[in-house]
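The values are calculated or read from the model by the stated rules, or taken from the named source; none is laboratory data. This one's a predicted model, so the numbers in the text were calculated from it and none came from an experiment. Methodologically, a virtual Cβ is constructed for each residue, glycine included, from the backbone with ideal geometry; neighbour enumeration extends over all protein chains shown. Accessible surface areas use protein heavy atoms only, side chains included; no ligands, DNA or RNA. Shrake-Rupley method; radii C 1.70, N 1.55, O 1.52, S 1.80 Å.
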Amino acid sequence: QVQLVESGGGLVQAGDSLRLSCAASGRTFGYYGMGWFRQAPGKEREFVAAISNSGRSTDYTDSVKGRFTISRDNARNTVYLQMNSLKPEDTAVYYCAAELFGSGTKLGGYTYWGQGTQVTVSS
């Protein structure tokens, strides 16, 4: 089992950058594929980015390609989401998720979830 805690959210202006972090408990972090999802008010939770347990494979939703970068530091049990050129439509609660030897774009593919961190982008 793994517990996830997100941090790094906040209120920024359009064009600014933020880096989200997700710290995981446990000594088997390197076995988990990790994902970032987001949920805007009144909308369903959607996939943002994913990274394999090794870090060698990543995937992004089209709307963030070229602006967001997912990475991980297995020595620190942490996954990151670097968000550049933020837009008002990026406003949402951002969640990290983990799946043992898994990853992918589907919510149902992840067993463990954090509580989320709010990102608000003003125009």
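Check whether at least one residue in segment 75-88 is in a strand (DSSP E or B) and of a type in the set (Ser, Thr, Tyr), and report yes or no. Yes, segment 75-88 has at least one match. Can you name the condition, by its number, that GLU46 falls short on among (1) open to solvent by 60 Å² or more (accessible area, probe 1.4 Å); (2) in contact (Cβ under 8 Å) with a residue 60 or more places away in the chain; (3) more than 15 Å from THR78 (Cβ to Cβ)? Unmet for GLU46, out of (1) open to solvent by 60 Å² or more (accessible area, probe 1.4 Å); (2) in contact (Cβ under 8 Å) with a residue 60 or more places away in the chain; (3) more than 15 Å from THR78 (Cβ to Cβ): (2).
I'd like the full set of residues that are open to solvent by less than 10 Å² (accessible area, probe 1.4 Å) and within 20 Å of SER17 (Cβ to Cβ), limited to segment 77-98.
Applying the first criterion (open to solvent by less than 10 Å² (accessible area, probe 1.4 Å)) to segment 77-98 yields 79, 81, 83, 86, 90, 92, 94, 96-98.
The answer is VAL79, LEU81, MET83, LEU86, ASP90, ALA92, TYR94, CYS96.
Being surrounded by fewer than 16 Cβ atoms within 10 Å (Cβ to Cβ), out of contact with any Gly (no Cβ under 9 Å at 6 or more places or on another chain), of a type in the set (D, E, K, R) and under 14 Å from PHE101 (Cβ atoms) is true for just one of ARG56, ARG27. Which residue is that?
Details: ARG27 fails: under 14 Å from PHE101 (Cβ atoms).
Result: ARG56 is the single residue among ARG56, ARG27 that is surrounded by fewer than 16 Cβ atoms within 10 Å (Cβ to Cβ), out of contact with any Gly (no Cβ under 9 Å at 6 or more places or on another chain), of a type in the set (D, E, K, R) and under 14 Å from PHE101 (Cβ atoms).
Of all residues being aliphatic (A, V, I, L, M) and closer than 13 Å to TYR94 by Cα in segment 12-24, which is least open to solvent (accessible area, probe 1.4 Å)? Just the residue, please. Filtering segment 12-24 for residues that are aliphatic (A, V, I, L, M) and closer than 13 Å to TYR94 by Cα, the one least open to solvent (accessible area, probe 1.4 Å) comes out as LEU20. Check off (1) assigned to a strand (DSSP E or B); (2) of a type in the set (Asp, Glu); (3) within 30 Å of SER123 (Cα to Cα); (4) open to solvent by 30 Å² or more (accessible area, probe 1.4 Å) for GLU6 and give me the number that stays unchecked. GLU6 satisfies every listed condition except (4). Every listed requirement among (1) under 19 Å from ALA24 (Cα atoms); (2) open to solvent by less than 70 Å² (accessible area, probe 1.4 Å) is met by VAL64 save one, (1).
Among the residues of segment 99-123, which ones are in a loop (DSSP other than H, G, I, E, B), farther than 16 Å from GLN39 by Cβ and open to solvent by 70 Å² or more (accessible area, probe 1.4 Å)?
First, the residues of segment 99-123 that are in a loop (DSSP other than H, G, I, E, B): 101-106, 110-111, 114-116, 123.
Subsequent filtering for residues that are farther than 16 Å from GLN39 by Cβ retains 101-104, 111, 123.
If the condition is that a residue be in a loop (DSSP other than H, G, I, E, B), farther than 16 Å from GLN39 by Cβ and open to solvent by 70 Å² or more (accessible area, probe 1.4 Å), then PHE101, THR111, SER123 are the ones that fit.
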